[in-house]
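Novice: Can you read through this structure? Questions will come right after.
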Amino acid sequence: MPDCQSIDVVKHGRSAAGKQLYRCRNLECVGRSFILNFSYRGRLPEVKAQISDMAINGSGIHDTARALRISPTAVIETLKKSQVNLNKSTRPCLSSVNRTTQR
């Protein structure tokens, strides 16, 4: 599914690896082109969520890669991309912590 979770999608050709590409018809959708069936586990949204959860709980890169059976490079790339989202979501928490420690 696209990032916007829209169900208005159409086929959009094939990738270089021969996978079926789909395109979201929602104009506000950020990731308009996507693949439904990934051949590598490290690209699955569920695995990416697990990577973020394990990082927040203090697991290292190699531990996470070993546990999820993916490459350490996939873990690093996912964490780099999710860093922006983590910063946005933790900013309110960090500002409240700073207020309480300044008193």
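Novice: Between beta-carbons, use under 10 Å as the cut-off and find the net charge around VAL47, counting Lys and Arg +1, Asp and Glu -1.
Specialist: Around VAL47, the surrounding residues sum to +3.
Novice: Once you have the Cα-Cα distance between HIS12 and ARG66, take 0.36 nm times their residue separation minus that, and quote the gain in nm to one decimal.
Specialist: Here the segment from HIS12 to ARG66 would lengthen by 16.0 nm.
Every read-out reported here was derived from the displayed coordinates using simple, explicitly stated rules and does not represent laboratory data. Quick caveat: nothing in here was measured; it's all calculated off a predicted structure. Heads up, the Cβs are rebuilt from the backbone with ideal geometry, glycines too, and the neighbour counts pull from every protein chain shown.
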